[in-house]
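For reference, the structure is listed below as structure tokens.
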Amino acid sequence: MSSIFTKIINGEIPSYKIYEDDKTIAFLDINPETKGHVLVVPKLEVDKIYDLPDEDFDALMHTVKKLSIHMEKTLGKRTLWKVIGTDVPHAHVHLLPYDETWEHGRTLKLTPEEFEEIRQTLELK
Ligand code: 5GP
């Protein structure tokens, strides 16, 4: 069975997408720890990041770096990287705009309008 992230990649379920290329996709985490919490996901479905073939790993890290720089420029906040992977068995990297109120694991409640506003702010075409 496909992972929830593969369903997002295939457009079977919606997401607040900010970036896509041939090997990766990035969208807002539905349970954000900070405003602008992004997940960067390889299109190849594997459980752990180190299961990825080198080419897909390199593509994932390239997108993580590119988006981190873009997010820092756009929001004026350092971008934290986090790799957990115990919830969704499809490799991904969390990108978190850091502010001093951030607490690991605490989630914010955002309205659809707030999600859409931050999506438009962070979108990289
Ligand atoms: P992890 O596997 O790294 O512990 O966490 C997986 C992350 O995926 C969680 O932060 C969770 O909020 C997020 N997530 C789970 N299901 C969905 C979904 O359907 N859409 C989005 N955008 N994020 C999801």
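In the elastic network of the chain, a GNM with C-alpha springs shorter than 10 Å, the most mobile of V93, V46, V38 is V46.
Taken one residue at a time, the phi angles of segment 90-107 give Karplus couplings (6.51, -1.76, 1.60, θ = phi - 60°) of 9, 3, 6, 10, 7, 10, 10, x, 7, 9, 5, 8, 5, 10, 3, x, 6, 10 Hz. Gly and Pro are set to x.
Between K66 and E113, the modelled label-to-label distance comes to 3.3 nm, taking each label 7 Å out from Cα in the direction of the beta carbon.
Rounded to the nearest 10 degrees, the inclination of helix 54-75 to the longest alpha-carbon principal axis of the chain is 10 degrees. In percent, rounded to a whole number, the relative contact order of the chain is 32, using alpha-carbon pairs under 8 Å and six or more apart. Scoring 106-117, 11-22 by mean Cβ neighbours within 10 Å over their residues and listing the highest first yields 11-22, 106-117. Of the two radii for the chain, the radius of gyration is 0.93 times the Kirkwood radius, both from the alpha carbons; that is the Rg over Rh value. Between helix 112-122 and the chain there is an angle of about 80 degrees, using the helix long axis and the longest principal axis of the Cα atoms.
Bear in mind that the values in this text are calculations on the coordinates, not laboratory data. What you see is a predicted model; the values in this text were computed from it and never measured. Cβ atoms come from the backbone with ideal geometry, glycine included; neighbour counts cover every protein chain shown.
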